[in-house]
Amino acid sequence: MEYTAFWQHDARFMQEALRLADEAARMGEVPVGAVVVRDGLVIGKAHNQVETLRDPTAHAEMLAITAACTHLDDKFLHGCTLYVTLEPCPMCAGASVWARLDRIVYAAMDPKAGACGSLMHVAHHPGLNHRIEVHHGLFEAESEALLKRFFARRRQDP
(Lines give C-alpha, C1' and ligand atoms only; values in the text may rest on other atoms or scores of the structure.)
Protein backbone atom coordinates (compact mmCIF):
# COMPACT_ATOMS: atom_id res chain seq x y z
CA MET A 1 0.00 0.00 0.00
CA GLU A 2 1.35 3.39 -0.93
CA TYR A 3 2.05 5.81 1.91
CA THR A 4 -0.08 8.40 0.11
CA ALA A 5 -3.15 6.43 1.24
CA PHE A 6 -2.37 7.46 4.81
CA TRP A 7 -2.54 10.81 6.57
CA GLN A 8 0.61 12.05 8.30
CA HIS A 9 -0.82 11.41 11.76
CA ASP A 10 -1.91 7.83 10.96
CA ALA A 11 1.50 6.47 11.99
CA ARG A 12 1.19 7.93 15.50
CA PHE A 13 -2.19 6.30 16.09
CA MET A 14 -1.15 2.96 14.62
CA GLN A 15 1.88 2.98 16.93
CA GLU A 16 -0.52 3.36 19.87
CA ALA A 17 -2.54 0.39 18.56
CA LEU A 18 0.70 -1.64 18.33
CA ARG A 19 1.55 -0.70 21.93
CA LEU A 20 -1.88 -1.98 23.00
CA ALA A 21 -1.36 -5.18 20.99
CA ASP A 22 1.92 -5.76 22.80
CA GLU A 23 0.12 -5.26 26.12
CA ALA A 24 -2.45 -7.87 25.05
CA ALA A 25 0.32 -10.36 24.25
CA ARG A 26 1.84 -9.88 27.72
CA MET A 27 -1.57 -10.75 29.18
CA GLY A 28 -1.87 -13.93 27.11
CA GLU A 29 -4.37 -12.41 24.69
CA VAL A 30 -4.04 -12.55 20.91
CA PRO A 31 -2.03 -9.37 20.25
CA VAL A 32 -4.49 -7.01 18.62
CA GLY A 33 -4.85 -3.36 19.58
CA ALA A 34 -7.35 -0.78 18.38
CA VAL A 35 -7.69 2.99 18.67
CA VAL A 36 -10.62 5.21 17.63
CA VAL A 37 -9.69 8.79 16.74
CA ARG A 38 -11.77 11.87 16.04
CA ASP A 39 -10.34 15.29 15.23
CA GLY A 40 -6.85 14.11 16.12
CA LEU A 41 -7.84 12.89 19.59
CA VAL A 42 -8.04 9.31 20.85
CA ILE A 43 -11.60 8.78 22.07
CA GLY A 44 -11.51 5.00 22.49
CA LYS A 45 -8.81 2.37 22.73
CA ALA A 46 -8.50 -1.25 23.74
CA HIS A 47 -6.73 -4.53 23.20
CA ASN A 48 -8.18 -8.01 22.91
CA GLN A 49 -9.68 -9.30 26.15
CA VAL A 50 -11.38 -12.48 24.95
CA GLU A 51 -9.47 -14.72 27.40
CA THR A 52 -9.55 -12.27 30.30
CA LEU A 53 -13.29 -11.61 30.07
CA ARG A 54 -14.14 -15.09 28.72
CA ASP A 55 -16.15 -13.30 26.06
CA PRO A 56 -15.82 -14.14 22.35
CA THR A 57 -16.98 -10.62 21.45
CA ALA A 58 -14.25 -8.86 23.48
CA HIS A 59 -12.15 -8.05 20.42
CA ALA A 60 -10.04 -4.90 20.53
CA GLU A 61 -12.18 -3.21 17.89
CA MET A 62 -15.45 -3.91 19.70
CA LEU A 63 -14.12 -2.60 22.99
CA ALA A 64 -12.59 0.51 21.37
CA ILE A 65 -15.83 1.26 19.51
CA THR A 66 -17.81 0.92 22.74
CA ALA A 67 -15.39 3.25 24.55
CA ALA A 68 -15.61 5.81 21.74
CA CYS A 69 -19.43 5.71 21.69
CA THR A 70 -19.44 6.16 25.47
CA HIS A 71 -17.02 9.10 25.18
CA LEU A 72 -19.22 10.81 22.58
CA ASP A 73 -22.48 9.71 24.22
CA ASP A 74 -23.63 8.65 20.76
CA LYS A 75 -24.15 5.39 18.89
CA PHE A 76 -22.57 6.83 15.73
CA LEU A 77 -18.90 7.56 15.18
CA HIS A 78 -19.15 10.02 12.29
CA GLY A 79 -15.80 11.64 11.56
CA CYS A 80 -13.88 8.84 13.27
CA THR A 81 -11.10 6.50 12.18
CA LEU A 82 -10.46 3.05 13.64
CA TYR A 83 -6.79 2.04 13.73
CA VAL A 84 -6.27 -1.66 14.32
CA THR A 85 -3.25 -3.93 14.11
CA LEU A 86 -5.07 -6.81 12.40
CA GLU A 87 -7.77 -6.72 9.75
CA PRO A 88 -11.19 -6.72 11.41
CA CYS A 89 -13.22 -9.94 11.43
CA PRO A 90 -16.86 -9.99 10.18
CA MET A 91 -18.20 -9.11 13.65
CA CYS A 92 -15.86 -6.12 14.07
CA ALA A 93 -16.29 -4.94 10.49
CA GLY A 94 -20.06 -5.14 10.94
CA ALA A 95 -19.89 -3.14 14.17
CA SER A 96 -17.78 -0.56 12.34
CA VAL A 97 -20.46 -0.22 9.67
CA TRP A 98 -23.26 0.08 12.26
CA ALA A 99 -21.23 2.70 14.14
CA ARG A 100 -20.82 4.66 10.90
CA LEU A 101 -17.04 4.99 11.11
CA ASP A 102 -15.51 7.04 8.29
CA ARG A 103 -12.25 5.10 7.97
CA ILE A 104 -10.53 1.90 9.02
CA VAL A 105 -6.75 1.71 8.88
CA TYR A 106 -5.34 -1.71 9.67
CA ALA A 107 -1.81 -3.06 9.70
CA ALA A 108 -1.80 -6.77 8.81
CA MET A 109 -4.24 -8.66 6.62
CA ASP A 110 -6.01 -11.70 8.07
CA PRO A 111 -6.52 -14.28 5.30
CA LYS A 112 -8.43 -16.60 7.66
CA ALA A 113 -11.01 -14.20 9.07
CA GLY A 114 -10.47 -10.77 7.53
CA ALA A 115 -13.61 -8.91 6.53
CA CYS A 116 -12.12 -5.69 5.13
CA GLY A 117 -10.60 -7.04 1.94
CA SER A 118 -9.00 -10.44 2.56
CA LEU A 119 -11.71 -13.07 2.97
CA MET A 120 -14.64 -10.72 2.36
CA HIS A 121 -15.33 -6.99 2.42
CA VAL A 122 -18.11 -6.15 4.89
CA ALA A 123 -17.05 -2.49 4.99
CA HIS A 124 -17.96 -2.16 1.28
CA HIS A 125 -20.84 -4.64 1.09
CA PRO A 126 -23.43 -3.36 -1.40
CA GLY A 127 -26.32 -4.59 0.72
CA LEU A 128 -25.41 -2.38 3.68
CA ASN A 129 -26.34 1.28 3.97
CA HIS A 130 -22.88 2.60 4.94
CA ARG A 131 -19.46 2.22 3.36
CA ILE A 132 -16.14 2.74 5.12
CA GLU A 133 -12.92 3.95 3.53
CA VAL A 134 -10.36 1.21 4.22
CA HIS A 135 -6.54 1.31 4.08
CA HIS A 136 -4.08 -1.36 5.10
CA GLY A 137 -0.36 -1.99 5.34
CA LEU A 138 0.76 0.71 7.79
CA PHE A 139 3.21 -1.05 10.17
CA GLU A 140 2.18 -4.36 8.64
CA ALA A 141 5.58 -6.02 9.27
CA GLU A 142 5.56 -4.97 12.93
CA SER A 143 2.06 -6.33 13.50
CA GLU A 144 2.82 -9.60 11.71
CA ALA A 145 6.01 -10.06 13.76
CA LEU A 146 4.11 -9.54 17.01
CA LEU A 147 1.47 -12.10 15.97
CA LYS A 148 4.09 -14.64 14.82
CA ARG A 149 6.03 -14.36 18.10
CA PHE A 150 2.85 -14.77 20.12
CA PHE A 151 1.69 -17.89 18.29
CA ALA A 152 5.19 -19.42 18.23
CA ARG A 153 5.34 -19.09 22.03
CA ARG A 154 1.83 -20.48 22.36
CA ARG A 155 2.78 -23.56 20.30
CA GLN A 156 5.84 -24.14 22.53
CA ASP A 157 3.92 -23.87 25.81
CA PRO A 158 1.64 -26.82 26.59
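The values are calculated or read from the model by the stated rules, or taken from the named source; none is laboratory data. The structure presented is a predicted model; accordingly, all values stated were derived computationally and were not measured. No Cβ is skipped: glycine too gets one built from the backbone with ideal geometry, and neighbour counts run over all protein chains shown. Calculation scope for accessible area: heavy atoms of the full protein, side chains included, ligands and nucleic acids excluded. Shrake-Rupley method; radii C 1.70, N 1.55, O 1.52, S 1.80 Å.
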Once fully extended, how much extra length lies between H9 and H121, figured as 0.36 nm per residue of separation less the alpha-carbon to alpha-carbon distance?
37.8 nm
Residue-span extension gain [E23 to R131] - 0.36 nm each, minus C-alpha spacing:
35.8 nm
Using just the helices of the chain, give the 222 nm mean residue ellipticity in deg cm²/dmol: DSSP H runs with n ≥ 4 each add -39,500 (n - 2.57), and the total is spread over all residues, rounded to 500.
-12000 deg cm²/dmol
For the stretch 4-146, what is the accessible area per residue in Å², given a 1.4 Å probe and the full set of protein chains?
46
Between A145 and L53, 0.36 nm times their residue separation minus their Cα-Cα distance comes to what?
30.6 nm
Taking amide hydrogens as modeled 1.01 Å from N in the peptide plane, which residues meet the under 5 Å criterion relative to G33, leaving out close sequence neighbours?
A21, T85, L86
Leaving ligands, DNA and RNA out of it, work out the accessible area of W98 with a 1.4 Å probe and give it in Å² to the nearest 10.
150
Order of 128-137, 84-93, 103-112 by packing, highest average Cβ count within 10 Å first?
84-93, 103-112, 128-137
Kirkwood Rh and Cα Rg combined as Rg/Rh, the stretch 32-121
0.94
Please figure out what share of the DSSP beta bridges in the stretch 69-158 is antiparallel and state it in percent, rounded to the nearest 5.
10
Accessible surface of the chain [probe 1.4 Å, protein heavy atoms]: carbon and sulfur percent
55
